[in-house]
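The values are calculated or read from the model by the stated rules, or taken from the named source; none is laboratory data. The structure presented is a predicted model; accordingly, all values stated were derived computationally and were not measured. Here Cβ is always computed from backbone atoms with ideal geometry, including for glycine, and neighbour counts include all displayed protein chains. In case anyone asks, the SASA skips ligands and DNA or RNA and just uses the protein heavy atoms, side chains included. Shrake-Rupley method; radii C 1.70, N 1.55, O 1.52, S 1.80 Å.
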Amino acid sequence: MKYASLKKTNLNNWLEYLKKKAKFYAPRKKENLFVFRPVKDVADICLEYIPTILPPKKYYFPQKERLLRFRAQPFKTAKAIDKFEEFILFGVHTCDIAGIQCMDVVFRDGPEDPNYLNRKDMMTIIGIECLKYCDKYANCASMGNHIPRGGYDLMMVDIGDEFIIHINSEKGEKLVKEVDFIKEATESEMVTLGRIREEKNEIFKEEFYASLPKVYESFDKSFVSEVWKDLGKKCVGCGNCTAVCPTCYCFDVSDEMELNLNDGLRYRIWNSCQMDDFAKVAGGEDFRKGRESRQRHRYYRKFKYPVDKFNRYFCTGCGRCTRTCMAGISLIDTVNALTPVSID
Amino acid sequence: MKKQSKPRLAFFDFTDCEGCQLQFANLGGTLLELLELVDIVNFREIISEAAEDYDIAFIEGSITTDNDVLRIKKIRDKAKVLVALGSCATIGGVNGIKNRSSLELAKKIVYGDKASTINTIKTMPVHEVVSVDYTINGCPVYLPEVVSVVKCLLMGKPYVVPNYPVCSECKMNENVCRYEKDQECMGTVTRAGCNSWCINNGNRCYGCRGLVDNPAADAQKDILSKYGLKLEDVLKHFTLYNDSMGEKYDQEFK
């Protein structure tokens, strides 16, 4: 079975079933925004949501993660976590799934990151396809992430009274096959899916003025540009843009001792290139002085460097960095400002 | 290791509300664990003894009189290690508001016709008078940070106060941004280390931990005025805790 069909009236039954299978995280409301949270009551789940404050990366790359347990005397070290828990991420947008694919590329690149991979092994991703824009900040169509492009176990599409579920892994297939109310999708349902996808083409239009290859080219020529100066003036250096980015993966490592001053834990904690001291080295030299060059670096880490290194854009188009910036720095505006000056 | 005599801790307060010492006293079970490692020999909120023989001095409060200056110098001479505890001691804190007007005017406003009998000098954080080895920011201090600093102190390691803004911790806690709710918040320019304690609990950031080394003053002013605050009000937000930060502060903000 490749495509399955779930009647909306059976959605809650399926959610109850999934909830029992593993630790279950889904989007829920938090004040006027949304967050991924563990679900107690399936009624709390919001499937119509704008991207959550933090992307689901917090579950496979936690903000503060234990790495190593150690003892000073007699000296001894041990893994901090012996057993990782199975978990399901439910209702993930395609932009965030693209984020997971980017992280995969980074953490699988040698030397592989065991902590990330251990968590990732335990993860089941059930996505939901967006049929309309979340808000004006998203640039998913330019990045090609408004449509599913793999990286999930199951992908749901709302076709009216049913969800069509694309089965993309064995793990996913089990979760569909084990319940009797999910059937194989009928031909007419598949026709509806095709029609909905066509309609979607009319709604989602590339948000950048230039095509992605042109954007890449413009980055090649824009290392010195007024655009960065302008950003540097606006930027307050809070680091929100990198914290909320589904593909930012920088971290710092620190040791914390217990009060007996003999046992301790080694942690890794999210870090950000927007921090003042991020590129400072011993002796006080700072390789990226000023908010202007730090903002520029962030953009190059999305549209230039990873393309050269991994042949992949590290912007997913989720729009979080723009949405969260109180200084009003817009990714779409910034990229658009770069393209006309550099390309004839 | 246990046979060695334990380091002796003493607590002293200057111009403050003694709230940071109270926080320390509130360590609860952790305080008892800590007593395995140290002796507290002078701490008027929890013991009646007041020994004058100590190794580590915790200083709460800002320096605001000539007598304060003499007293803190004496303590510095005796203590092997000196810790500034809380906003008043580390950045001058709310007491710094006094520095906004001339001393004469400030005295007159507060003490009226008795002003001439009062000795007062400009408000200074402790480090402006004597050298400080460890800094614990906050109004009041954040207990997990207090514990971290004490551990560093006992291991003889430096404690590095974060030089990034509260926002970065706040975002990791996945709070809804105060600006999202049309509230002004100083988290963008205020030194982190408190794990965005106030915002986690529904409040906003008042800047009690002092400003980061290189605050984006202009950008922050833009943001605050974008949210409908006048320059005057903006300055009030900046100066609530940070008025006695000296020349650097003046250059950035006035």
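Of the helices (runs of 4 or more DSSP H) entirely within the stretch A:164-248, those holding at least 1 residues that are more than 14 Å from chain B (Cβ to nearest Cβ) occupy A:170-177, A:187-203, A:212-221, A:226-234. Of the candidates A:15, A:33, the single residue that is open to solvent by less than 20 Å² (accessible area, probe 1.4 Å), in contact with a helix residue (DSSP H, G or I) (Cβ under 9 Å, 6 or more places away or on another chain) and among the aliphatic types (A, V, I, L, M) is A:15.
If you scan the stretch B:138-166, which residues turn out to be part of a loop (DSSP other than H, G, I, E, B) and either β-branched (Val, Ile, Thr) or within 16 Å of the chain's Cα centre (by Cα) (or both)? Outline the logic, then answer.
Start the filter on the stretch B:138-166 by keeping residues that are part of a loop (DSSP other than H, G, I, E, B), which leaves B:139-140, B:142, B:156-164.
Across the stretch B:138-166, the qualifying residues are B:139, B:140, B:142, B:159, B:160, B:161, B:162, B:163.
Looking at (1) modelled with pLDDT under 90; (2) within 8 Å of chain A (Cβ to nearest Cβ), find the lone condition where residue B:168 falls short. For residue B:168, the exception is condition (1).
Here the helices (runs of 4 or more DSSP H) wholly within the stretch A:286-344 that include at least 2 residues being under 20 Å from residue B:188 (Cβ atoms) are A:290-303, A:320-324, A:331-342. Among the residues of the stretch A:297-344, those identified as more than 19 Å from the chain's Cα centre (by Cα) and either small (Gly, Ala, Ser) or open to solvent by 40 Å² or more (accessible area, probe 1.4 Å) (or both) are A:308, A:309, A:327, A:328, A:333, A:337, A:340, A:341, A:342, A:344. A single entry from A:40, A:29 fulfils the requirement of being of a type in the set (Lys, Arg) and either assigned to a helix (DSSP H, G or I) or out of contact with any strand residue (DSSP E or B) (no Cβ under 9 Å at 6 or more places or on another chain) (or both): A:40.
The single condition among (1) farther than 17 Å from residue B:236 by Cα; (2) open to solvent by 60 Å² or more (accessible area, probe 1.4 Å); (3) within 18 Å of the chain's Cα centre (by Cα) that residue B:94 does not meet is (1).
Which one of these is open to solvent by 10 Å² or more (accessible area, probe 1.4 Å), over 19 Å from residue A:317 (Cβ atoms), of a type outside the set (Val, Ile, Thr) and not in a loop (DSSP other than H, G, I, E, B): A:68, A:6?
Details: A:6 fails: open to solvent by 10 Å² or more (accessible area, probe 1.4 Å).
Result of the check over A:68, A:6: A:68.
The number of residues in the stretch B:177-203 that are assigned to a loop (DSSP other than H, G, I, E, B), open to solvent by 10 Å² or more (accessible area, probe 1.4 Å) and either within 12 Å of another protein chain (Cβ to nearest Cβ) or in contact (Cβ under 8 Å) with a residue 60 or more places away in the chain (or both) comes to 8.
Check whether at least one residue in the stretch B:39-62 is touching a Ser or Thr at 6+ places or on another chain (Cβ under 9 Å) and either assigned to a helix (DSSP H, G or I) or within 14 Å of another protein chain (Cβ to nearest Cβ) (or both), and report yes or no. There is no residue in the stretch B:39-62 that is touching a Ser or Thr at 6+ places or on another chain (Cβ under 9 Å) and either assigned to a helix (DSSP H, G or I) or within 14 Å of another protein chain (Cβ to nearest Cβ) (or both). Of the listed requirements (1) within 25 Å of residue A:323 (Cβ to Cβ); (2) over 19 Å from the mean Cα position of the chain (by Cα); (3) part of a strand (DSSP E or B), residue A:275 misses just one: (3).
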